[in-house]
Amino acid sequence: MSSLPISVLDYGAGNIVSLLNALSYLGYDNVKCINTREEVEAATVIIFPGVGSYSSAMANLTSLGVLDSLRAHVLADKPYFGICLGMQTLFEYGEEGAEQDVDCDGTSTPTPTTIKGIGAIAGGVTRFTTTLSPVPSIGWNTTLSLRPASSCIVGRGHKYFVHSYRALPSPENAAWVHTTTMYGGETYISSVSKGRVFACQFHPEKSGDAGLRV
């Protein structure tokens, strides 16, 4: 059994039960759920699982008073593992859940406002624009590693995805991109890694053996 202390950030909307079961299966027995600023600041390893919308996640982190401490943890390169929204919120902004600007005639503008994220990674999280596949993307898909095999955290095998929004690779965030995935003709970032910070768009706790290896 592992004695490594792991703190799971329970911000009110994460898939905590599935994640805790996966950690227990892997032999991690020093796991606790945290949701206060003091606990985040004292944490050695933070796992941030996320389901729901980008806006609700950021609102909950703010209302709990943990957003600044979580940002400091990531920017200080302390061990961090983000899942789904736990990856998306690392970017500068997200569109999901943002209200659209309304014109004087009552119609909304085509460009939505955005929600500010943690800001560790350049770029934003925007909705799929594909017309080739249904949105949201729900189900199994593969990942393409952009790292040498010796340093790749995400191994082979299909991973389980559930999302309508994605982050796109760019020269500004290239140093973070660990894997990409293709859906509906769009190539998007499916995991990021830099230093001791790792996060993925897919759900490793729902991805069978391929997910548990992550």
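Scan region 3-26 for residues that are part of a loop (DSSP other than H, G, I, E, B) and either at pLDDT 90 or above or open to solvent by 20 Å² or more (accessible area, probe 1.4 Å) (or both) and jot them down. Can you show your working first?
The first filter runs over region 3-26 and keeps only residues part of a loop (DSSP other than H, G, I, E, B), leaving 3-5, 10-15, 26.
Those that are part of a loop (DSSP other than H, G, I, E, B) and either at pLDDT 90 or above or open to solvent by 20 Å² or more (accessible area, probe 1.4 Å) (or both): S3, L4, P5, D10, G12, A13, G14, N15, L26.
Checked against the criteria, A98 does not count as at pLDDT below 95 and open to solvent by less than 10 Å² (accessible area, probe 1.4 Å). Among the residues of region 37-50, is any modelled with pLDDT under 95 and over 12 Å from T89 (Cβ atoms)? No, that holds for no residue.
Here is the figure for region 62-83: residues that are open to solvent by 10 Å² or more (accessible area, probe 1.4 Å) and either more than 14 Å from the chain's Cα centre (by Cα) or more than 18 Å from E41 (Cβ to Cβ) (or both) total 13.
When you scan region 101-146, how many residues do you find that are modelled with pLDDT under 75 and over 26 Å from D68 (Cα atoms)? Count: 11. Restricted to region 199-214, and to residues that are closer than 14 Å to G82 by Cα and open to solvent by less than 20 Å² (accessible area, probe 1.4 Å), which residue is modelled with the lowest pLDDT? That would be G211.
Here is a check on your reading of the model: is S190 surrounded by 13 or more Cβ atoms within 10 Å (Cβ to Cβ), hydroxyl-bearing (S, T, Y) and either under 24 Å from S7 (Cα atoms) or modelled with pLDDT of 95 or more (or both)? Explain how you work it out, then say what you get.
Values: surrounded by 13 or more Cβ atoms within 10 Å (Cβ to Cβ): yes; hydroxyl-bearing (S, T, Y): yes; either under 24 Å from S7 (Cα atoms) or modelled with pLDDT of 95 or more (or both): yes.
Judged against the criteria, S190 is a match.
The values are calculated or read from the model by the stated rules, or taken from the named source; none is laboratory data. Bear in mind that the values here come from a model prediction, so they are computed numbers and not experimental data. Ideal geometry is used to build each Cβ from the backbone, glycine not excepted, and the neighbour counts take in all protein chains shown. The accessibility values were calculated without ligands, DNA or RNA, using every heavy atom of the protein model including side chains. Shrake-Rupley method; radii C 1.70, N 1.55, O 1.52, S 1.80 Å.
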